[in-house]
Amino acid sequence: MPITRTTAIPLSEVVLRASRSSGPGGQHANVTASRIEASFDVRTSTALSDEQKRRVIARTGPRVVAVAQDARSQLRNRELALERLRRRLAGALAMPAPRRATTPSQASVARRLELKRRQAQRKRRRARPSSEE
């Protein structure tokens with residue numbers, strides 16, 4: 001199962017469990033196990049490097065779980081659960097972009113100073129006239 005462009009995990013490392021769904025299906029739902037729970041144990045994975053394991057465990061914990069009970073079909077719920085698991089792992093493996101320090105533009109500095117001047121002038125006009133005036 002591909003997670004990112006460079007990372008994939010074998011489906012043999014994903015444990016799928018079926019149980020009865022509380023979702024749609026009417027009387028049919030009472031007798032079929034259409035709810036699917038896909039779980040992935042990060043610590044025992046052979047597909048992830050130690051650094052990737054640390055990153056995933058820090059963000060999601062040692063076990064990543066995805067549940068699907070949206071559809072009436074067990075097959076469709078299996079696809080949904082695996083896709084949700086893939087998205088969770090991809091999000092946990094994503095490296096945040098480094099923050100770059102920026103400086104304000106000359107125009108924004110000029111606008112800020114002009115607004116400060118106007119505000120100060122407005123407040124000066126509100127003040128009581130001095131005794132000299």
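The values are calculated or read from the model by the stated rules, or taken from the named source; none is laboratory data. Not measured: the values here are computed from a predicted model. With ideal geometry, Cβ positions are generated from the backbone for all residues, glycine too; neighbour counts draw on all protein chains shown.
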Next on the checklist: Can you tell me which condition Glu79 does not meet? The list is (1) loosely packed, with under 13 Cβ neighbours inside 10 Å; (2) out of contact with any Lys or Arg (no Cβ under 9 Å at 6 or more places or on another chain); (3) not β-branched (Val, Ile, Thr), and all the others hold.
Outcome noted: (1)
Item to check | segment 92-129, residues that are hydrophobic (A, V, I, L, M, F, W, C), in a loop (DSSP other than H, G, I, E, B) and over 30 Å from Ala8 (Cα atoms) | outcome: Ala101, Ala127
Item to check | Residues within segment 1-56 that are of a type in the set (Ser, Thr, Tyr), modelled with pLDDT under 90 and exposed (fewer than 14 other Cβ atoms within 10 Å of the Cβ), tallied | outcome: 4
Checklist entry - Here are some conditions: (1) part of a helix (DSSP H, G or I); (2) surrounded by 16 or more Cβ atoms within 10 Å (Cβ to Cβ); (3) in contact with a Lys or Arg (Cβ under 8 Å, 6 or more places away or on another chain). Leu89 meets all but one. Which one does it not meet? => result (3)
Next on the checklist: Can you pull out every residue in segment 39-60 that is assigned to a loop (DSSP other than H, G, I, E, B) and either out of contact with any Pro (no Cβ under 7 Å at 6 or more places or on another chain) or over 14 Å from Ala90 (Cα atoms) (or both)?
Outcome noted: Arg43, Thr44, Ser45, Thr46, Leu48, Ser49
Item to check | Breaking point among (1) basic (Lys, Arg); (2) closer than 29 Å to Phe40 by Cα; (3) modelled with pLDDT under 95, for Lys123 | outcome: (2)
